[in-house]
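Here's the structure we're looking at; comments come further down.
Taken together, the values in this text are just the output of simple stated rules run on the coordinates, not laboratory data. Since the structure is predicted, the reported quantities are computational estimates derived from the model, not experimental observations. Note that each Cβ is placed from the backbone with ideal geometry, even for glycine, and that neighbours are counted across all protein chains shown.
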2 protein chains.
Amino acid sequence: MTPTTVGILDLLRRSQGYVSGEAMCVQHGISRAAVWKHIGGLRELGYRISSAPRRGYRLDAAPNSPLPTEVLPLLATHRFGRAYHFLRRTDSTNRVAGELAEAGAAEGTTVVADTQTAGRGRLGREWFSPPGVNLYVSIILRPRVQPVRAPQLALVAGLCVVRAVRCLCPGLPLRLKWPNDVYCDRRKLAGVLCDLSADMDEIRHLILGIGVNVNLPPTGFPGGLAGAAVTLQEMAGIEVSRPQLLAGLLAELEQAVELWVDEGLGPLLDEWRHLSILEGREVRVHVLGQELTGTVTGLSREGALRLRTATGKVREVLSGDVTVAEW
Amino acid sequence: MTPTTVGILDLLRRSQGYVSGEAMCVQHGISRAAVWKHIGGLRELGYRISSAPRRGYRLDAAPNSPLPTEVLPLLATHRFGRAYHFLRRTDSTNRVAGELAEAGAAEGTTVVADTQTAGRGRLGREWFSPPGVNLYVSIILRPRVQPVRAPQLALVAGLCVVRAVRCLCPGLPLRLKWPNDVYCDRRKLAGVLCDLSADMDEIRHLILGIGVNVNLPPTGFPGGLAGAAVTLQEMAGIEVSRPQLLAGLLAELEQAVELWVDEGLGPLLDEWRHLSILEGREVRVHVLGQELTGTVTGLSREGALRLRTATGKVREVLSGDVTVAEW
C-alpha cells in the first residue's frame, strides 16, 4: 500500500459521509484517474467503498483482515508490531521473519500473512493456514537471556494468546497444553512455534510464530483436523476481529516477554498452572524417539513438565510431544 | 581445482621422478598448452613443481595447506569432511557453513578457509585469522539431541582439539579452559564457537567452528594477542602439517560427537576434568552483564561449571565468560 493510498483511506475514515474525488485530488496532488486507481486498490484489499456521481466516495466497511491500516491504529505497544510486514500469501511467516532477523531487523519486527502455503507446526508438522479467516504471525525477538531459556518463550506466548482471546471473547474455556498449544473445549485453538538462532552465550534471535484459528467455519478444516481443531468464531458464536485480536496479542506479548526476560517464568507460573490442561493427567511424552509415561504433577520454575512415573520417581521433561492417555 | 588438475597432481604424486608432458596430454586428452596451465594452477596453490626439457614435470613439495587434495587422502572418517569446501579467503567459515546448512547440506559438511576477513570468536570477539599458517574450520552437525544440550558440543570439540594435537605434537602441556578454549602454557592455542539453529524440540543444525593457531610465527600476533596467544609451532618447535592436523581433528570429532549424541558428556568428563585449567581456581564469571565470583569445584554431568561462592554455596553456570583471578 502506498502512502497516498493510506492517505486516501484516512480521509475516508475521518469523514462521516462522502468525500469528493476533487478533495482527494487536491489533498494529494493527483489526477481523478489516479484517485480511481487508489480506490480500486483499497477495494481489492477488502475495503467496501461506495461511489456516487457528484458526491464522491464513502467508506462503508473495513475488511476483517490484519492489514497494516487496520492493525497499526490499534497498537498499544512500543516495539512489537512497530515494524509491520503484511503479506497476502507466503510460504511461512517464521521463515520470512528469520530472514529479516538475519538481515538485522529490530526486535519486535512483525510478519503477518493472510495465508501460508507451507505453514509449519512443531516437529515438522503442517499448520493449516487458509486465507481470509485466521491469524498467522511471527515476531522477531532478541532477548538478552541464556539460550537454554529459549523454550520457555513458548509458554509465555501461549499464556499471551489466552489473555488476548479472553479480552475479546470472555468466558471461553481456554486451556494451555504444555508446551505450546492453546486449547478450547479439548480442541486446538492456537499453536506456538519458536525458532532459535544462538551461539553458546547469547540468543541472536528468536522467531516467535503464532497461529490462531479465528473465523474459519467448522466445516473448513480438512478431515484429519475436523474433530481436533476449533475456531474462536465457533466457540464464541461471533465473528472475531482479526486486527483487534492481533493488536491485543502484540500488547500482551510485549509486556509478558519483558517480564520474562527480567524475572523469568516465575511471575507467570501460577496463571499457567491454573490453565494447564495436563495437570494430574496420565500422559505419554515422546522425546526424540523415546517414550516416557507418567502422571503430570506440574511445571518446574524453568518451564519443564514434571511427571511422576510408575515407579514413583519424578522426572522433568524439557521438551517433548505429549499425548493424554484418556480425557 | 578441476578434476583434470587433480588428475595431473595424482600422476605427479604416484611417480618417483619426472612425468612427461606428453603422458599427461595422452592420459587426459588435452594439449601441451593445457598441461602447462594446469601445472601453473598447481604452482599457484603452493605445489612446488620442477620442469625440465624433454623430461617433463616433477613434484618437489606439496604445500602445507588444508587443500582438499591434501586433506581428503588423509581422511579416516565416514561423514565428517566428506563434503569438503576449501576457500582461500572468506569472511567467516561459520557463516558460510550456516548458509550451506540452511540450504540442506549434509551432516559432516566441512568448510575450511586459508584466511578469514571477519573470523569470529565468542561474544562478538574477533578471531585473528591470517593466511597461510593456521586452521579455520567449520563443520555442519545435525545431532538428534535436545537443543538444551547444544552448548555441550563446545566441550566435546575442545577435547577433540587436544587429542588431535597430542597425536602430532606429543608432550605439550595442553589444557582446556571452560567452556571453549584450548590453552598451552597459559596462552590460547585454539578456540571453539558453536552456532545453533533449533526449534523447541530439535536442533536443525549446529555449526561447529574451530580455530587453531598452528604455524604463525610468535611475532605474527597483533599487539593485544602477543602475550595471550600461542602457536603449535612455537610450542613444539616444528612446523606442523595443517592437513594432518585437520584430518586428525575430523576423525576425533566424528567419533566423539557420535559418543556424545548416544551417551552424553559422561564418557568424556573424566578426561575433560583432568585437562581443565580452572579446577580449584578462583574465577570471575560474566553471564549476560552479571558477575559471579567463586572457586571452581568442577564440571557437572551436563557440562556446567561448578563454583563455590564466598558464602559456601555451590552454583552451576551454564554459559559465561571466565576470568581467572590469579594464575
### Query
How crowded by other chains is B:142-153, given as the mean number of beta carbons from other chains within 10 Å of each beta carbon?
4
### Query
Shortest first and in nm to one decimal, what separations exist between B:THR219 and its copies in the other chains, measuring from label points 7 Å along the Cα-to-beta-carbon line?
8.6
### Query
Which value in Å does the Kirkwood hydrodynamic radius of the protein assembly as shown take, with 1/r averaged over all unlike C-alpha pairs and then inverted?
28.5
### Query
Assuming R0 = 35 Å, what is the FRET efficiency of A:VAL314 and A:LEU72, from their Cβ-Cβ distance, to the nearest 0.05?
0.15
### Task
Note the distances from A:LEU288 to each other copy's matching label point, with points 7 Å along the Cα-to-beta-carbon direction, in nm, sorted shortest first.
2.2
### Query
What does the highest-first list of B:179-191, A:116-128 look like by mean Cβ count within 10 Å?
B:179-191, A:116-128
### Query
Where the label is 7 Å out from Cα toward Cβ, how close does A:ARG89 come to the same position in every other copy, in nm, shortest first?
4.5
### Query
Which value in nm describes the separation of the simple spin-label points at A:THR293 and B:ALA118, placed 7 Å from the Cα toward the beta carbon?
5.3
### Query
Projected onto the charge dipole of the protein assembly as shown (+1 at Lys/Arg Cβ, -1 at Asp/Glu Cβ, origin at the Cα centre), which of B:LEU67, B:VAL240, A:PRO147 gives the Cα projection farthest towards the positive end?
B:LEU67
### Query
Shielding of B:199-210 by partners, i.e. mean partner chain Cβ atoms within 10 Å per residue?
5
### Task
Within region B:163-200, find all residues whose amide N lies under 19 Å from a label point positioned 7 Å from the Cα of B:ALA325 along Cα-to-beta-carbon.
B:178
## Note on the structure
The size of the Cβ-based charge dipole (Lys, Arg +1; Asp, Glu -1) of the protein assembly as shown about the Cα centre, to the nearest 20 debye, is 900
### Summary
Each label sits 7 Å from Cα toward the beta-carbon; between A:ALA103 and A:THR219 the label points are separated, in nm, by 4.2
### Inter-label distance, nm, simple model (7 Å from Cα along the C-beta direction), B:LEU87/B:VAL26
4.3
### Query
So what is the calculated 222 nm ellipticity per residue for chain B, using -39500 (n - 2.57) for each DSSP H run with n of 4 or more, over all residues, to the nearest 500 deg cm²/dmol?
-9500 deg cm²/dmol
### Task
Would you mind counting up the charge near A:ASP185? Only other residues with Cβ under 14 Å from its Cβ, with Lys and Arg at +1 and Asp and Glu at -1.
+3
### Summary
Note to self: Kirkwood Rh of chain A, Cα pairs, one decimal, Å, is 21.3
#### Entry: Cα gyration tensor, region A:72-192 - rounded (a/c under 1.5), prolate or oblate
rounded
### Message
Using the Kirkwood radius over C-alpha pairs as Rh, can you work out the diffusion coefficient of region B:3-61 via Stokes-Einstein at 4 °C, viscosity 1.567 mPa s, in µm² per second?
### Response
117
### Task
Just need the relative contact order of chain B here, percent rounded to a whole number, with Cα pairs under 8 Å and 6+ apart.
13
